[in-house]
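Participant: This is the structure I have questions about; it appears just below.
The values are calculated or read from the model by the stated rules, or taken from the named source; none is laboratory data. None of the values given here were measured: they were computed from a predicted structure. Glycine gets a Cβ as well: all are built from the backbone with ideal geometry, and neighbour counts include every protein chain shown.
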Amino acid sequence: MPEIKKYNEEELVMLLRNNDATAFSYLYDNYSSALYGAVYKMLEDRELSEDVLQEAFVKIWNNFTNYDATKGRLFTWMLNLTKNLTIDTLRSKGYKKQSKIQNNENSVNEYSDKTITAERFDSIGIRKHLTLLKSDQKQIIDLAYFGGYTQDEIAKKLAIPLGTVKTRMRTAISELRKILQ
Amino acid sequence: MELNDIISSGLLELYIAGLTSPEESLQVEGWAKEYPEVKRELGSIEAAVESYAFSESITPGVDVKDKVMKAIEMQETNTIKAAPASFRNEMKERTKVYSLPPFYKWAVAAGLILLLGSLAFNYMYFNKYRSASTDLQVAQNQLQSQKQMTDTMSNEMNVVTDKYTLPVVLNGTPHAPDAVAKIFWVKNSGEVYVDPTNLPQVPEGKQYQLWAIVDGKPVDAGMISTKKGVYHIQKMKSFGKADAFAITLEKTGGSPTPTMSEMYVMAKI
């Protein structure tokens with residue numbers, strides 16, 4: 001959960017619309033760890049994740065007027081923006097090149113035998129938190145919210161029919177909500 | 001779709017994940033507006049995902065924030081620093097509205113050049129037209145005065161050459177032995193013309209007056225115009241009969257009777 005807030009979300013949004021740097025600093029302090037956790041889940045590389053996080057926050061600042069408070073919460077918008085940026089990074093050639101160099105340098109690294117592409121999502125680690133959540137439920141949440149997978153890809157990944165993705169999603173989130181209560 | 005079906009479909013969860021198609025997203029947004037329950041459900045899903053994300057937070061390196069803050073500060077200096085975001089966006093939109101594809105830019109530029117060129121030519125030609133117009137006016141005036149002169153001379157010639165015209169030479173009296181004047185008396189119409197060309201210069205405030213002697217008495221035949229020192233053959237009063245013609249120098253405007261001492265020329269018929 002976020003730290004004790006100095007601003008409520010409404011105030012924060014209003015200040016950010018007016019390019020208030022203090023509000024932005026506050027935004028970073030409160031949301032960067034959650035977003036960084038999400039990026040790291042996808043990239044599993046600290047330095048690269050930090051680069052993406054930095055880029056994401058600059059983009060949040062520049063495109064803040066695109067955020068429509070009537071359509072949803074601020075975090076949801078930031079998470080999806082960050083997620084899309086991470087997917088772009090995964091697909092870019094530069095990333096692959098950089099990763100190879102890095103892998104050569106750290107040949108003892110556990111990922112050294114893999115090229116860092118979208119394929120790397122094959123290994124989604126078991127999270128330490130929310131242990132009450134069934135692993136398959138946690139998996140579908142990670143894939144959908146923090147993995148950058150499409151409905152189709154999730155279906156293939158879990159070897160379930162496309163129509164079942166929705167109902168599984170529903171069940172997993174309902175379970176999560178129960179645990180959080 | 002029933003409200004319960006919407007809520008339990010799983011579509012709302014996918015929408016929050018950003019995994020719905022554009023059509024599905026529009027549908028969900030429509031439901032959210034229509035049903036407060038859908039809006040509330042979406043809010044709960046978001047809150048759950050947010051809590052989940054926060055529970056899996058990892059603190060990034062401390063230098064990341066510095067980099068971010070420096071990056072946005074640099075961007076701020078590069079844009080209009082003092083203006084609020086809304087104004088800057090407005091500026092962006094305005095720029096968008098007025099920006100044209102390259103072809104049109106060239107077309108507009110070419111159009112402007114042509115327009116300016118045309119204006120310059122218009123100005124030049126207008127000036128030419130104006131001076132030409134003035135020249136034409138001058139020429140027309142000259143032509144007009146020439147024509148008047150010609151008409152006058154033509155009329156004078158007609159008088160002189162008319163077969164009914166009786167030319168009469170008025171010779172100088174002892175008072176003015178060098179003075180000479182001519183009368184052209186058109187007998188059939190009675191018109192009398194005088195040619196005062198050879199009369200002496202008229203003194204200030206004086207004027208020549210023509211007299212016809214009819215039945216022994218002098219009758220006023222009119223004042224002779226000698227404006228600007230130019231003497232023309234001019235029409236005088238008409239006479240059916242006359243015994244003699246004489247010209248005296250009188251005060252401007254003439255006298256009822258001739259001043260005999262100032263008689264310059266005379267002739268008997």
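Participant: Report yes if B:GLU13 is within 22 Å of A:THR150 (Cβ to Cβ), facing chain A (nearest Cβ under 7 Å) and among the charged types (D, E, K, R), otherwise no. Let's see the steps before the verdict.
Facilitator: Values: within 22 Å of A:THR150 (Cβ to Cβ): yes; facing chain A (nearest Cβ under 7 Å): yes; among the charged types (D, E, K, R): yes.
Taking the combined requirement at face value, the residue satisfies it.
Participant: Of all residues in the range B:237-267, how many are surrounded by fewer than 20 Cβ atoms within 10 Å (Cβ to Cβ), touching a residue at least 24 places away in the same chain (Cβ under 8 Å) and either in a loop (DSSP other than H, G, I, E, B) or touching a Gly at 6+ places or on another chain (Cβ under 6 Å) (or both)?
Facilitator: 12
Participant: Quick check on my filter: what residues within the range B:181-217 are part of a strand (DSSP E or B) and farther than 24 Å from B:SER154 by Cβ? Step through it out loud before you land on a result.
Facilitator: So in the range B:181-217, the residues part of a strand (DSSP E or B) come out as B:181-186, B:192-195, B:206-214, B:217.
Within the range B:181-217, B:LYS206, B:GLN207, B:TYR208, B:GLN209, B:TRP211, B:ALA212, B:ILE213, B:VAL214, B:LYS217 qualify.
Participant: Pairs under 6 Å by beta carbon, first residue at the interface with another protein chain (Cβ under 7 Å from one of its Cβ atoms) and modelled with pLDDT under 90 in the range B:42-68, partner in a loop (DSSP other than H, G, I, E, B) and surrounded by fewer than 16 Cβ atoms within 10 Å (Cβ to Cβ), six or more apart or different chains?
Facilitator: Listed by first residue and then by second, the contacts come to B:PHE54/A:MET1; B:SER55/A:HIS129; B:GLU56/A:HIS129.
Participant: Something else about it: Please count how many residues of the range A:131-157 are out of contact with any Phe, Trp or Tyr (no Cβ under 7 Å at 6 or more places or on another chain), within 10 Å of chain B (Cβ to nearest Cβ) and assigned to a loop (DSSP other than H, G, I, E, B).
Facilitator: 4
Participant: Further question on the same structure: Between residues in the range A:160-171 that are more than 9 Å from every other protein chain (Cβ to nearest Cβ) and residues that are at pLDDT 90 or above and in a helix (DSSP H, G or I), which pairs lie under 6 Å by C-beta distance while being six or more apart or on different chains?
Facilitator: Close Cβ pairs (under 6 Å, with a partner that is at pLDDT 90 or above and in a helix (DSSP H, G or I)) amount to A:LEU162/A:ALA155.
Participant: Let me ask something additional. Which is part of a helix (DSSP H, G or I) and modelled with pLDDT of 90 or more, of B:TYR104, B:TYR125?
Facilitator: B:TYR125
Participant: Taking into account only those residues within the range A:158-181 that are among the β-branched types (Val, Ile, Thr) and part of a helix (DSSP H, G or I), which is nearest to the chain's Cα centre (by Cα)? Break it down stepwise before answering.
Facilitator: The initial filter retains those residues of the range A:158-181 that are among the β-branched types (Val, Ile, Thr), namely A:160, A:164-165, A:167, A:171, A:173, A:179.
Now narrow it down to the ones that are part of a helix (DSSP H, G or I): A:164-165, A:167, A:171, A:173, A:179.
Details: A:THR164: 23, A:VAL165: 19, A:THR167: 22, A:THR171: 21, A:ILE173: 16, A:ILE179: 21 Å.
Among those residues, the one meeting the criterion is A:ILE173.
Participant: Still on this model: Name the single residue that is nearest to B:GLU76 (Cα to Cα) among those in the range A:34-81 being more than 7 Å from chain B (Cβ to nearest Cβ) and of a type in the set (Gly, Ala, Ser).
Facilitator: Among those residues, the one meeting the criterion is A:ALA56.
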